[in-house]
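Taking it in order: structure first as structure tokens, then the write-up.
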Amino acid sequence: MAGPVEVWSPDGAHDPDVVWLTAESMGDDDPALSANSSLPVVFVFDEALLARLGLSGMRLAFLVETLAELATHRAVEVWRGDPVAVLADRSVATTFAPVPGWRRRQTAIRPMQVHPWPWLMRPSGAALRSFSAWRRMTSR
């Protein structure tokens, strides 16, 4: 699934009170951040995911530096734990992320707004098993 083409909100949705920022969409150009410029940002270092991924110290430093830069011009909350637990009682706006973990978490978090992912080229639904398959498809 490539995510929504336009901002999606469930029936009866109310305005969000925070923007859930994920590592897949960091920085000021994130669509949910741009659309909700007055809302605080919540970023959760997902302990279970970090344990599985084993990210390098440089990657973690990049995430922290990006959040610190963002915090120079808007409120940023940084948590460590489970995003579902941290955001359980919050009304959330977020940007779709094309990763399985995001899909599972957003089902439990139930965002009030889901913004489209800023694809360079929207996926067509064809199976892409390698870079060369993607390259052949985009050169048509």
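Values in this text are rule-based calculations from the coordinates and carry no lab data. Computed from a predicted model, the values in this text were never measured in an experiment. Positions of Cβ are backbone-derived with ideal geometry, glycine not excepted, and every protein chain shown enters the neighbour counts.
Stretched out fully, how many nm does the piece from A35 to T66 gain, at 0.36 nm a residue minus the Cα gap?
Details: separation 31, 0.36 × 31 = 11.16 nm, distance 1.90 nm.
Working it through step by step, the gained length comes to 9.3 nm.
In the stretch 10-53, with Lys and Arg counted as +1 and Asp and Glu as -1 at Cβ, which of these residues, T22, S38, A51, has the Cα nearest the positive end of the dipole, that is, farthest along it?
Result: A51.
Compute the distance in nm between two label points, each set 7 Å from the Cα along the Cα-to-Cβ direction, one at D89 and one at D11.
In this crude spin-label approximation the distance works out to 2.9 nm.
Roughly speaking, what is the stretch gain from E77 to R110, that is 0.36 nm per residue apart minus the C-alpha to C-alpha distance, in nm to one decimal? Mind showing how you got there, number by number?
Details: separation 33, 0.36 × 33 = 11.88 nm, distance 1.92 nm.
My answer for the length gained is 10.0 nm.
State the Cα centre-to-centre distance between the stretch 1-62 and the stretch 77-114 in whole Å.
7 Å
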